[in-house]
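Values quoted throughout were computed directly from the atomic coordinates according to the rules given, and no laboratory measurement underlies them. Since this is a predicted model, take the numbers as computed values, not measurements. Positions of Cβ are backbone-derived with ideal geometry, glycine not excepted, and every protein chain shown enters the neighbour counts.
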Amino acid sequence: MDEILKELRLLNKTLKLFADAMLPSQDTDVFDAFRAFQTYSRQDVLLLKGIKDPDPVRFRELKGIDAVVAGLRANTEQFLEGLPCNNVLLYGPRGTGKSSAVKAVFNAYAAKGLRMIEMQRDTLVHTLEVAELIAKRREKFIIYCDDLSFEEDEKSYRQIKTVLEGGLETRPSNMLIYATSNRRHLMPEKTSDNLPVLTDGELHPADTLEEKLSLSDRFGLRFGFPHFDMETYLSIIDNYARLKKIALPQQQLKEAAMQWSMAHGSFSGRTARQFVDDLEGETGSKRQSGSRKPK
């Protein structure tokens with residue numbers, strides 16, 4: 001019997017070693033090879049991959065959000081200089097430049113030691129692990145959470161809430177969180193959240209509402225993005241056309257831009273960018289067709 005138990009223990013140890021060897025592991029050399037990163041999870045193990053070609057958007061491409069850009073730049077520069085700074089929440093309608101603004105921050109300051117790690121919602125449970133990986137690095141890291149929101153029955157929001165503020169383990173000084181969301185409060189609110197709750201004869205306010213509001217309140221800086229009007233939309237079009245050197249009469253450009261916005265039902269910056277991309281492609285195609293000599 002003792003011999004059998006001994007064999008079973010040996011077998012169990014061998015299987016554990018084999019299982020550990022099969023699990024993925026994080027190569028921290030990735031931090032030396034890249035400036036931008038993305039997290040993913042495999043078998044509940046955190047992994048990071050480098051992003052070879054990050055979106056090259058620049059501040060000069062952004063119009064209609066000058067105050068937001070100024071606030072982001074000031075906060076990021078304080079971060080890089082080791083001065084007090086805040087986690088940031090950018091919220092507002094889709095297509096108004098929230099994600100582009102964060103990417104422009106990275107592109108503007110990457111040469112000064114800024115790094116960016118994009119974390120999808122399903123990997124936020126690993127936020128503290130990311131913090132441990134970067135805590136002793138000399139670079140400054142922004143954790144970028146795009147389109148951040150949580151459904152009613154989700155509990156993972158408590159992970160990021162703890163990292164923002166409230167946990168016993170403090171966030172490392174070389175780490176900030178920049179998040180974008182279409183929701184001001186990141187979680188859905190219902191009419192029932194505002195109704196009083198009677199428990200054991202005692203009247204309580206809706207604790208659920210307080211829980212939901214407390215998450216967004218933990219971002220020290222919160223920038224709201226407005227809906228763009230026609231004037232702002234056209235100014236974005238003009239700016240993109242100038243940057244891309246599209247030579248088109250002003251009135252013709254305006255008429256085409258308005259037709260595009262009506263077809264897409266939006267005056268957003270995303271709609272403007274899509275229009276100019278389409279126009280640039282069409283213009284380039286015509287140039288190539290005109291330069292071809294008939295056989």
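Full extension of the segment from Gln250 to Ala70, taken as 0.36 nm per residue of separation minus the current Cα-Cα distance, would add 61.9 nm. Three semi-axes describe the equivalent ellipsoid of segment 230-285; taken as square roots of 5 times the Cα gyration tensor eigenvalues and ordered largest first, they are 16, 12, 10 Å.
Which links in Lys52/Lys103; Lys112/Lys161; Lys136/Lys161; Lys49/Lys161 stretch past 18 Å when you go from one Cα to the other? If you can, show how the numbers build up before the last one.
Numbers: Lys52/Lys103 14 Å; Lys112/Lys161 29 Å; Lys136/Lys161 23 Å; Lys49/Lys161 25 Å.
Exceeds cut-off: Lys112/Lys161; Lys136/Lys161; Lys49/Lys161.
Protection proxy ranking for 28-41, 99-112, using the average of other Cβ atoms within 10 Å per residue and placing the highest first: 99-112, 28-41.
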